1. Restricting to segment 51-66, name every residue that is over 16 Å from the mean Cα position of the chain (by Cα) and open to solvent by less than 20 Å² (accessible area, probe 1.4 Å).
2. Would you check if there is a residue in segment 96-118 being assigned to a loop (DSSP other than H, G, I, E, B), surrounded by 14 or more Cβ atoms within 10 Å (Cβ to Cβ) and over 16 Å from the mean Cα position of the chain (by Cα)?
3. Collect the residues in segment 139-163 that are buried (at least 21 other Cβ atoms within 10 Å of the Cβ) and either assigned to a strand (DSSP E or B) or in contact (Cβ under 8 Å) with a residue 60 or more places away in the chain (or both), keeping them in residue-number order.
4. If only one of VAL70, VAL54 is in contact with an Asp or Glu (Cβ under 7 Å, 6 or more places away or on another chain), over 25 Å from ARG151 (Cβ atoms) and assigned to a helix (DSSP H, G or I), which one is it?
5. Need pairs with beta-carbon distance below 8 Å; first residue closer than 16 Å to THR60 by Cβ and within segment 5-21, second open to solvent by 40 Å² or more (accessible area, probe 1.4 Å) and among the β-branched types (Val, Ile, Thr); sequence gap 6+ or separate chains.
Amino acid sequence: MQLTVPRLDDGVVSLRPPAAGDIDAITDACQDPEIRRWTRVPTPYTRAHAGEYVERSARTWDQGTDAPFVIVAAESQALLGAIGVHRLGGEDNGPEVGYWLERSARGRGVATRALRLVSGWACHELGVRLLLQADVRNVASRRVAEKARFRYVGKATAPDGCGDCDTMAVYDLSP
């Protein structure tokens, strides 16, 4: 799939591809045990992991296989988290959206805003159905999915390497 990086901004949050200047902020954010608990972020998370993420992000944008973004504050450009649409070719029931937030960004509607922006782009511009999975115990992520109009479709076993995840709540959103 040929991808063009979209302008995704709602005046509060902006989404853009990760860049080398984000490496330190990503590294710092991913020290949070809550991120590692609910995601596939490696433990321990090092600066090298963040560098690999930034490099892989550029490569997958070019290949059209994934669309990773960092979530930044629209005015200050401070890193708030990351969100991405993965497996755009449909492998393993993709495309799937995933996200994490830096601790200070939680509970402020940031994830819902970012999910609405990226899912609107993916569904309407790319014309794809999106899958979203959150551990059944991760109430905050499940609420984000529901607020962004994803539809609960059932449960599934957690994928390998997903922190402390066990059973996933599965959601989808169609164009």
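1. GLY51, GLY64
2. No; the residues of segment 96-118 include none that is assigned to a loop (DSSP other than H, G, I, E, B), surrounded by 14 or more Cβ atoms within 10 Å (Cβ to Cβ) and over 16 Å from the mean Cα position of the chain (by Cα).
3. SER141 - this is the single residue of segment 139-163 that is buried (at least 21 other Cβ atoms within 10 Å of the Cβ) and either assigned to a strand (DSSP E or B) or in contact (Cβ under 8 Å) with a residue 60 or more places away in the chain (or both).
4. When all the criteria are applied, what remains is VAL54.
5. Between residues of segment 5-21 that are closer than 16 Å to THR60 by Cβ and residues that are open to solvent by 40 Å² or more (accessible area, probe 1.4 Å) and among the β-branched types (Val, Ile, Thr), the close pairs are ARG16/VAL5; PRO17/VAL5.
The values are calculated or read from the model by the stated rules, or taken from the named source; none is laboratory data. What you see is a predicted model, and the numbers here were worked out from it, not measured in a lab. As a convention, Cβ positions derive from the backbone with ideal geometry for all residues, glycine included, and neighbour counts pool all protein chains shown. Keep in mind that these areas ignore ligands, DNA and RNA; they rest on the heavy atoms of the full protein, side chains included. Shrake-Rupley method; radii C 1.70, N 1.55, O 1.52, S 1.80 Å.
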